[in-house]
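In what follows, a single structure is set out as structure tokens and then discussed.
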Amino acid sequence: MKSSDISGAISLADLTPEQRALLVLRMRRKAAAEAPGIPALRPVPRPASGAMPLSFSQQRLWFMEQWQPGSAAYNIPAALRIRGPLDVAALRWAFDEIVRRHEVLRVRIDPSTPVQAAGPPEPLPVPEVDLAAVPEPWRDREAGRLVHEEVRRPFDLTRDRLLRKVLLRLGETEHVAVFNMHHIVSDGWSVGLLSQEFVTLYMARVQGLPSLFPELPLQYADYAVWQREWLQGEALEAQLEYWRRTLDGAPAETALPLARPRPAVRSGHGARRSYDLRGDLVPALRSLAQREGGTLFMVLLAALDTLLHRHSGETDLVVGTPVAGRGRAELEGLIGFFVNNLALRADLSGDPPFRTLVGRLREVTLAAQAHQDLPFEKLVEELRPERDTSRPPVFQVVLSLQNTPRVRGGLEGLEISPLDFEGGTAAYDLLVSALELETEELTGFFEYSTDLFDAVAAARLTGQFQALLAGAAADPGRRLSELPLLSAAERWQLLGEWNDTAVAPAGSKSSGGCFHEIWEERAAAFPDAVGVAFEDQRLSHGELVRRSGLLARHLRTLGVGPETLVGIAMERSIEMVVAILGIWKAGGAYVPLDPSHPEERLDAVIGETGLLVVVTQDRVLPRLPRFFGFTVSIDGGWDAIAGATDDLEVNVQPGN
């Protein structure tokens with residue numbers, strides 16, 4: 001559709017959100033190409049050294065590599081399972097032709113400047129690993145291990161070729177092809193381009209035809225030069241001004257429900273938790289988006305912001321999202337690092353209805369897209385956030401929606417399908433990815449930093465995200481605080497199964513009794529088992545029962561019974577457990593007195609509670625305030641404790 005196709009008979013309201021987005025993109029490209037002051041995008045002569053400047057994105061990634069060398073966090077891997085008679089020679093030729101066409105796949109980084117320098121076209125090494133002899137039950141497992149090993153292998157940006165290829169032979173008619181690129185020369189769009197060119201070139205070679213692609217008029221390095229010529233002076237300042245205003249006062253960190261403390265330095269290690277949205281849910285979400293004049297992405301963003309808000313209570317949130325960064329038509333056919341990140345700041349104040357939040361995020365998203373030409377790297381330079389090696393700057397949570405279908409189908413008798421694997425890395429604390437399928441379904445994953453989350457926490461977040469989307473689709477007028485976070489099964493488990501306090505302890509004669517009675521009944525069944533441990537000390541159940549019983553008899557001689565408060569002024573130890581059980585057996589209740597507290601504080605607690613008995617230790621006694629009741633030293637006074645013969649029959653009830 002061209003902008004000229006819109007006549008008076010058709011208004012923008014008649015278009016779907018996707019059609020409006022496409023129209024806006026094309027109009028942006030046309031306006032960008034015609035805007036005054038923007039230099040023409042044209043080929044640049046190469047110096048004798050071949051050295052060309054890095055783009056802003058490449059420059060920041062180079063900096064990240066120096067900060068965390070040897071990391072695989074910026075690898076972009078893919079793996080395809082190929083069934084059928086594969087022509088390996090045609091496969092090699094196709095990849096060699098791709099490397100010849102795209103100069104950026106031949107570059108290495110000169111660390112002294114740094115700049116990128118492209119080498120001459122050379123055949124791409126494609127190591128072959130023959131697994132056909134491996135017994136079938138273990139063959140796929142070994143293939144998976146090799147794939148995982150390859151995608152985790154880091155690149156040396158100054159020495160390595162930044163595109164790698166490995167071919168695993170599982171049998172005469174079954175292979176796994178693995179290719180891996182570093183992000184400094186590629187992005188998600190580039191992976192799609194590489195796949196399309198490979199298919200076309202492979203088919204041409206098998207059929208005995210030459211390359212069907214014309215020579216590229218531009219290369220990525222030409223774009224890097226153009227970007228630096230254009231984004232300076234007034235053009236740069238205009239972009240910066242918007243982002244300064246938008247992110248002024250924004251929180252530097254997103255509060256997340258972490259399962260682990262944040263380390264001082266991020267490791268980049270990660271894992272994934274997959275999810276699927278099926279049935280009528282995705283059409284319902286699309287319908288909701290259309291009614292609010294938005295897109296499916298805006299609905300997913302609203303759900304993610306709501307999830308973060310419900311966990312943190314924060315109403316000012318910043319979530320990142322990648323955009324293709326190819327605002328000019330000349331860039332569509334180039335492999336390279338064009339993708340840019342946008343910071344989307346959400347206002348969730350006032351506990352709005354979900355549909356209201358979608359409307360707010362529509363305005364935020366459209367405004368950000370209109371100012372997407374500023375490289376994220378320049379934004380970070382401008383904002384100068386406090387350098388923190390524990391988290392990414394500006395935002396730590398990212399949402400990515402892709403609508404490019406997966407590679408499936410046949411190729412000259414071949415059946416090709418993507419091979420799912422985990423890269424084991426995470427560039428952010430949390431990345432929520434969604435892929436639109438042709439079947440009106442969504443599939444995706446939560447990629448999470450294993451520094452911060454474990455598998456249980458990731459599964460919980462993923463399930464809550466799905467529950468929020470289902471609740472919003474069913475009733476978008478509900479306020480954010482009212483939307484469900486739990487599925488029906490989880491709600492029953494939490495509120496029903498785990499909260500069923502009416503169930504008595506199985507096999508207990510003391511069902512409904514006091515804790516010490518139920519415990520002693522169980523302990524009697526295993527008298528020699530370890531009952532309590534502290535550092536290198538151990539007490540069996542039987543010995544714990546005996547000692548606590550002796551202490552209880554001694555406390556009874558001092559007047560301790562039901563409703564009597566007894567102080568415990570002890571350091572953490574096995575004796576503390578003996579004291580607690582002994583007080584309970586005597587019918588009393590214990591009042592903790594922390595020996596590290598000031599004497600005035602302890603004196604106030606003793607006075608307010610009216611304590612007449614305090615159980616303590618010899619080493620703690622000097623730290624206690626003057627006390628006119630009874631002090632029982634559980635170590636120094638054990639002879640007196642052990643000599644007590646008072647009857648231990650106590651009428652104590654759970655209600656005491």
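The values are calculated or read from the model by the stated rules, or taken from the named source; none is laboratory data. The structure displayed is predicted, hence computed values, not measured ones. Neighbour counts are summed over all protein chains in view; Cβ atoms, including those assigned to glycine, are modelled from backbone coordinates with ideal geometry. With ligands, DNA and RNA removed, areas are computed over all heavy atoms of the protein, side chains included. Shrake-Rupley method; radii C 1.70, N 1.55, O 1.52, S 1.80 Å.
I'd like to compare 583-592, 153-162, 125-134, 340-349: which one has the highest average count of other Cβ atoms within 10 Å, and what's the full order after that?
Values: 583-592: 21.6, 153-162: 16.4, 125-134: 12.5, 340-349: 19.9.
Result, highest mean first: 583-592, 340-349, 153-162, 125-134.
Round to a whole angstrom and tell me the spacing of the C-alpha centers of the stretch 84-147 and the stretch 239-298. The two parts, judged by their Cα centres, are 34 Å apart.
Please report, as a whole percent, how much of the solvent-accessible surface of the stretch 328-400 comes from carbon and sulfur atoms (probe radius 1.4 Å). Don't skip to the end; give the middle numbers.
Working: 1250 of 2730 Å².
For the stretch 328-400, the apolar C and S fraction of the accessible surface comes to 46 percent.
Rounded to whole numbers, the Karplus 3J(HN,Hα) couplings from phi for the stretch 184-191 are 5, 10, 7, 7, x, 4, 5, 4 Hz, using 6.51 cos²θ - 1.76 cosθ + 1.60 with θ = phi - 60°, and x at Gly and Pro. Our summary of shape: the Cα atoms of the stretch 144-223 have principal axis extents of 40, 36, 22 Å, ordered from largest down, in whole angstrom.
Using packing as a proxy for protection, rank 488-494, 614-620 so that the peptide with the highest average count of other Cβ atoms within 10 Å comes first. It would help to have the intermediate numbers written out before the result.
Details: 488-494: 12.0, 614-620: 20.1.
With the highest mean Cβ count within 10 Å placed first, the list reads 614-620, 488-494.
So if I take the centroid of the Cα atoms in the stretch 576-618 and the same for the stretch 155-230, what is the distance between those two points in Å? Spelled out, the Cα-based centre of one part sits 73 Å from the other. Couplings 3J(HN,Hα) of the stretch 255-264, computed from phi: 6, 10, x, 6, 8, 9, x, 5, x, 5 Hz, in residue order, whole Hz [Karplus 6.51 cos²θ - 1.76 cosθ + 1.60, θ = phi - 60°; x for Gly and Pro]. Note on the stretch 412-492: with neighbouring protein chains present and a 1.4 Å probe, carbon and sulfur make up 52 percent of its accessible heavy-atom surface. When +1 charges are put on Lys and Arg Cβ atoms and -1 charges on Asp and Glu Cβ atoms, the dipole computed for the chain relative to its Cα centre reaches about 1360 debye. Summary value for the stretch 308-370: 34 percent relative contact order, contacts being C-alpha pairs under 8 angstrom separated by 6+ residues. Peptides 532-542, 169-179, ordered by how many other C-beta atoms sit within 10 Å of their residues on average, highest first, read 169-179, 532-542.
Report, as a whole number in µm² per second, the diffusion coefficient that Stokes-Einstein gives for the stretch 230-293 at 4 °C and 1.567 mPa s using the Kirkwood radius over alpha carbon pairs.
Values: Rh = 17.6 Å.
Value of D from the Cα-based Kirkwood radius: 74 µm²/s.
Contact order for the chain, expressed relative to its length and based on alpha carbon pairs under 8 Å spaced 6+ residues apart, stands at 13 percent.
Values of log10 I(q)/I(0) for the chain across q = 0.09, 0.11 Å⁻¹ run -0.89, -1.12, by the Debye formula with one identical scatterer at each alpha carbon and no solvent.
Roll a 1.4 angstrom probe over the protein heavy atoms and tell me the percent of accessible area of the stretch 53-173 that is carbon or sulfur. Answer for the stretch 53-173: carbon and sulfur cover 54 percent of the accessible area. Computed over protein heavy atoms with a 1.4 Å probe, the accessible surface of the stretch 541-652 works out to 49 Å² per residue.
Of L558, F534, M570, which is farthest along the charge dipole of the stretch 530-618 in the positive direction, counting Lys and Arg as +1 and Asp and Glu as -1 at C-beta? Farthest towards the positive pole: L558.
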